[in-house]
Amino acid sequence: MFKTEIISAKRRLQYLFDVGTFTEMYGDLETANSGEIFPVKKFPGDGVIVGFGKVCGRLVFASSEDVTVNGGSLGKIHGEKICAVLDKAIELGAPMVFINDGGGARIEEGIIPLIEYGELFKRQVLASGKILQLSLILGTCAGGACYGPALSDFILTVEGVSKMFITGPKVVQTVTHEKVTGEELGGSEVLNKVSGVAHFVFKNEIECILETRKLIEIILSKNKIELKEEIGKRQFEKLVPLDGKKTYDIKKVLYDICDENTFIEIQKYYACNIVIGLGKLYGKTIGIVANQPIVKCGVLDCNSSKKITRFIEFCSRFKIPIITLVDVPAFMPGKDEEHNGIIWEGSRVIYAYVKANVPKVSVILRKAYGGAYIALNSIGLGADFVYAWPNAEIAVMGAEGAAEILASKYVDKRTFIEQYQKHYLNATYSARKGGVTSVIDPNETRKRLGIAMETLENYSDNTI
């Protein structure tokens with residue numbers, strides 16, 4: 001592990017780009033003399049380095065703010081430089097990396113920085129889905145500066161270094177009389193565990209930058225599926241207990257589905273009842289959504305629904321196929337969830353899956369009940385394939401819940417449960433009724449997913 005250290009704006013770019021490939025743009029532009037009452041000290045470059053180079057052999061553009069120059073604040077020239085390099089990235093269809101380390105809008109320049117931020121945000125929105133945008137928070141990102149990273153595809157942070165907040169501690173204290181530190185307000189732990197604003201957190205800056213390189217490579221990889229015989233079957237059935245009441249770690253299943261050492265988990269510390277991430281399957285980049293039974297039994301709640309929606313929309317923008325591993329008892333019941341908008345957040349998951357114009361394949365491992373079954377890429381929503389393991393239970397609800405509502409109308413409770421389990425709660429019944437495409441051998445899961453991805457290689461958007 002690298003030692004924690006603060007790195008200069010120029011060195012950050014050296015770590016990001018392949019050796020000797022970075023070319024700076026507009027390096028001699030000088031700070032504009034726009035401080036009418038409070039003059040701003042002039043510096044070449046105006047506190048941001050912009051340019052282009054190669055990342056893993058691929059053309060990439062970047063901006064890197066320099067906190068040592070006017071606090072890294074954004075003024076007229078600073079903003080114009082970032083906009084200019086972003087325009088060039090859009091024109092050439094190349095990724096854009098923003099390295100943020102500054103105090104936001106330069107107060108001395110009045111309204112001008114606000115105009116420049118608006119120009120930047122407009123470009124980021126119009127570029128969404130056309131080019132990959134990554135934001136690294138390698139210092140403080142305050143005020144209007146926060147919106148740029150939020151408009152990016154992913155936000156990467158560093159422990160003890162990254163801070164993001166719309167209003168800083170001093171303003172908070174002035175307005176609300178609440179004493180809070182920058183770390184408590186918007187430090188890396190808050191961003192990754194509490195608010196879910198960020199997607200990644202790393203131990204130090206170098207690790208963060210190197211993982212950015214890896215992320216660019218896997219997201220933009222255009223490799224095709226290369227099915228090949230593998231020595232021995234993956235023993236998935238040993239990882240997942242047959243008893244639906246027993247827990248297990250879904251990540252072990254994900255690691256075995258993906259090619260070795262390719263799975264990258266996203267939002268690892270937020271809404272942990274759902275796992276999302278990117279990986280490769282027989283050489284092709286895929287996105288994965290999976291219930292995590294060891295956290296809240298893998299239920300869907302407001303936060304995990306937001307997490308799923310954002311990720312599906314990202315995969316759709318970059319034409320990344322989505323694989324969904326389902327083991328879900330329900331949407332989370334309760335007053336708090338209802339008051340927090342679970343109806344809205346759940347509907348957004350449905351909307352995202354239906355609108356995603358990429359291959360979509362699901363595997364139901366153990367259970368999929370009610371609205372949660374529908375929402376997680378079901379046949380009715382337009383899934384290309386839905387596979388189920390033989391022991392999978394797919395129904396409106398579990399046997400005991402159904403018995404509480406219906407048993408007295410028909411038979412005694414015990415008999416009802418036995419009949420309900422035997423007739424409805426089996427994968428064969430669901431397959432006969434069209435709820436799943438095929439019932440598959442658990443240990444053939446990786447191979448079947450590979451075949452599905454190969455079949456859908458020439459996928460085209462036929463959504464309504």
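Okay, here's what the table says:
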{"read-out": "Evaluated over the range 141-189, the Cα radius of gyration and Dmax, each in Å", "value": "11.4, 35"}
{"read-out": "20 °C / 1.002 mPa s Stokes-Einstein diffusion coefficient of the range 290-397, Kirkwood radius on C-alpha pairs, µm²/s", "value": "156"}
{"read-out": "Calculated from backbone phi, Karplus (6.51, -1.76, 1.60) coupling profile of the range 326-331 in Hz, x at Gly/Pro", "value": "10, 8, 10, x, 3, 7"}
{"read-out": "Residue-level accessible surface for residue 26, protein heavy atoms, 1.4 Å, Å²", "value": "100"}
{"read-out": "Cross-link partners of residue 245 among aspartates and glutamates (Cα-Cα below 15 Å; sequence separation of 8 or more within a chain)", "value": "327, 393, 400"}
{"read-out": "The range 269-389, relative contact order in percent, only Cα pairs under 8 angstrom and at least six apart counted", "value": "25"}
{"read-out": "Scattering curve values for the range 9-161, log₁₀ I(q)/I(0), Debye with Cα scatterers, q = 0.21 Å⁻¹", "value": "-1.41"}
{"read-out": "Helix runs (DSSP H) in the chain reaching 18 Å along axis by Cα, Kyte-Doolittle at least -1.0", "value": "76-92, 112-127, 205-219, 302-317, 342-355"}
{"read-out": "Answer label for mean projected area of the Cα convex hull in nm² (calculated), chosen among [x] 20.8; [y] 23.9; [z] 25.5", "value": "[z]"}
{"read-out": "Length added when fully stretched, residue 194-residue 122, from 0.36 nm per residue minus Cα-Cα", "value": "23.1 nm"}
{"read-out": "Electrostatic dipole magnitude of the chain [Cβ: Lys, Arg +1; Asp, Glu -1; Cα centre; debye, to 20]", "value": "1060"}
{"read-out": "Flagged links, alpha-carbon separation over 31 Å, of 193/246; 214/335; 163/306; 203/252", "value": "214/335"}
{"read-out": "Point-charge dipole on Cβ atoms (K/R +1, D/E -1) for the range 202-352, about Cα centre, debye to 20", "value": "260"}
{"read-out": "Proximal lysines to residue 433, defined as alpha-carbon separation beneath 22 angstrom and excluding residues fewer than eight positions away on the same chain", "value": "360, 367, 422"}
{"read-out": "Total charge dipole magnitude, the range 123-272, about the Cα centre, Cβ charges on Lys, Arg, Asp, Glu only, Debye to nearest 20", "value": "280"}
{"read-out": "Given charges at Cβ of Lys, Arg, Asp, Glu: the chain dipole, positive-most of 44, 415, 359", "value": "415"}
{"read-out": "Trypsin sites (Lys or Arg not before Pro) within the range 172-267: DSSP coil, no more than 12 neighbouring Cβ in 10 Å", "value": "179, 222, 224, 228, 245, 246"}
{"read-out": "For residue 181, solvent-accessible area (1.4 Å; no DNA, RNA or ligand), Å²", "value": "70"}
{"read-out": "Dipole of the chain, positive end: most advanced residue of 17, 157, 339 [Cβ charges, Cα centre]", "value": "339"}
{"read-out": "Ellipticity estimate at 222 nm from DSSP helix runs (n ≥ 4, -39,500 (n - 2.57)) divided over the chain, nearest 500", "value": "-10500 deg cm²/dmol"}
{"read-out": "Restricting the range 156-222 to GluC sites (Glu not before Pro) in coil, as DSSP defines it, with at most 12 other Cβ within 10 Å", "value": "178"}
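The values are calculated or read from the model by the stated rules, or taken from the named source; none is laboratory data. All values derive from a computational prediction rather than experimental measurement. A quick note on method: Cβ atoms are made from the backbone with ideal geometry, for glycine too, and the neighbour counts reach across all protein chains shown. With ligands, DNA and RNA removed, areas are computed over all heavy atoms of the protein, side chains included. Shrake-Rupley method; radii C 1.70, N 1.55, O 1.52, S 1.80 Å.
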